[in-house]
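Data first, discussion second: the structure below is written as structure tokens.
The values are calculated or read from the model by the stated rules, or taken from the named source; none is laboratory data. Every value quoted in this text rests on a predicted model; they were computed, and no experiment measured them. Please note that ligands, DNA and RNA were not included when accessible areas were found on the heavy atoms of the full protein model with its side chains. Shrake-Rupley method; radii C 1.70, N 1.55, O 1.52, S 1.80 Å.
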Amino acid sequence: MEGRGVAAGKSTAHDLGAHICFADESGQSLIPPKGRTWAPRGARPVVRVAGRRGGRVNIAGAVCFRPGCRPRMFYKLHVHRGRRGEPKSFAWSYRDFIRMVHLQLGTPVVWVWDNLNVHLQQELFDFQAEHKDWLVIFHLPPYAPELNPQEGIWSLLKQALADFAAADLAHLTRAIKRKLKKIQYRPHLITGCLPTTGLDLDGLINEPDIADST
């Protein structure tokens, strides 16, 4: 979806009374993101963590905006333990994530995401056609993560997990859920992910004092 396509998505959302939702994926292994810490010069602390074979927590997320409503953020986790034959990604379960977001919002949904191959599966196009009364999907242009405000949520999450040494996947999963839940309760953090995109989304921002969770 080109820049004017984003405008088309906003217009469609307005016409349908819909939320416009920007979706994306991220993931975290047991090797934490690197961050800054206090230490004497030349004595950088070293924390040993589990190796690369420890599995991975994949995350699908979506930030949603609608005039007159506070911004919302939703997520779904998929824990990959590295077992033989175990699915490594969400794949077709994206359908369930989209449906969950729609039910939580209670409005039609204009879904905006990139051109990742799993987003272009025929099953998802069929799903959109089957639910065209409440679902419209737009695609961002290739190699344009800066247009997606959900990327800002991943940045906040990685900052929160910097230098976090998880004991195992269950420990890491709990930490990710806790960090994302905190973001859900802080609408100003979700709103703060919009300016860096440069998108013209006037009227889609509202910041009430209290946020609920999904």
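Rounded to the nearest Hz, the phi-derived 3J(HN,Hα) couplings of the stretch 16-21 under the Karplus curve 6.51 cos²θ - 1.76 cosθ + 1.60 (θ = phi - 60°) are 8, x, 9, 7, 9, 10, where x marks glycine and proline. Close amide H pairs (under 5 Å, H built 1.01 Å from N) link Trp111 with Cys21, Val136, Ile137, Phe138, residues at least 5 positions away or on another chain. The alpha-carbon of Lys34 sits under 26 angstrom from the alpha-carbons of these lysines, leaving out residues fewer than 8 places away in its chain: Lys76, Lys88, Lys158, Lys177, Lys179, Lys181, Lys182. When the solvent-accessible area of the stretch 120-171 is split by element, carbon and sulfur atoms take up 57 percent of it, the probe being 1.4 Å. Extension gain, Arg186-Ala167: 0.36 nm per intervening residue step, less the Cα-Cα distance, totals 4.1 nm.
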